[in-house]
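> What follows is a single structure, and I will ask about it in a moment.
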Amino acid sequence: MQSSKGLSLIETIVVLAIASLVIAMAVPAATAWTDRVRITRLQSDLAEIFLTANRLAVAGGAATILCPSRGGGCDDSSDWSQGWLVYADVDGDRAFGRYDNLIRRTAALDGGLRLHGTSGRPKIVFHPQGDITGSNATFTICAPNSRQVASVVMSNAGRFRQSPGHFDQGEQTYVMDCTSI
């Protein structure tokens, strides 16, 4: 009897089929994990920006403003995905101008993440007393596949809270439907 020194075509096809199945199951899990990490990092970045703006307003005695920005100035939009500005409103006109101190300019979000603030709330103004103007502001973070959502809520007292990300795992629900924003 002669011994075989290789794999048969059927054995090769079975191995490739099993490998394809494992890869097909691993890719969505890796994508979901990556989205969770990016959402959590954005939540942390927002928390750090809120704390910094609050402290600078109190310490500097001038309002500190956060606003969405697509270029040089503030937008009147609820879409913060293209980046935002943080500045000390030295001249008190609530508009970013040449006399105001730019604290931070954040670039557009990468990887398809979207960030939407409360509709009709294009600015967050921290007063020297540490509070913000208006009602609570909610920032919703959406992953590119619209199946992972988290939020950060800023109260008018100047405190914030983060919601844990709610992910579509079959029985779990969304904080908000990202397809509508």
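Every number in this text was worked out from the coordinates using simple rules, so none of it is lab data. A quick note: this is a predicted structure, and the numbers were derived from the prediction, not measured. Quick reminder, even Gly has a Cβ in these numbers, built from the backbone with ideal geometry, and neighbours come from all protein chains shown.
> If R0 is 25 Å, what FRET efficiency do you get for residue 159 and residue 41 from their C-beta distance, rounded to 0.05? Spell out each step's value before the answer.
Numbers: r = 21 Å, r/R0 = 0.84.
Rounded to the nearest 0.05, the efficiency is 0.75.
> May I pose another question? Cα-based Rg (one decimal) and Dmax (whole number) for region 1-98, in Å?
Values for region 1-98 (Cα only, Rg and Dmax): 27.3, 95 Å.
> Please give the contour-minus-distance gain from residue 108 to residue 9: 0.36 nm per residue of separation, less the Cα-Cα distance, rounded to one decimal in nm.
Details: separation 99, 0.36 × 99 = 35.64 nm, distance 5.02 nm.
So the chain would gain 30.6 nm between residue 108 and residue 9.
> For helix 9-60, what angle does its Cα long axis make with the longest principal axis of the chain, in degrees from 0 to 90 and rounded to 10?
10 degrees
> Same structure again: In what sequence, highest mean first, do 74-82, 136-144 appear when ranked by Cβ atoms within 10 angstrom? Could you put the intermediate results ahead of the total?
Numbers: 74-82: 17.0, 136-144: 21.3.
Packing order, densest peptide first, comes out as 136-144, 74-82.
> Counting just the Cα atoms, what span does the chain cover along each of its three principal axes? Round to the nearest Å and put the largest first.
So the three principal-axis extents are 94, 35, 27 Å.
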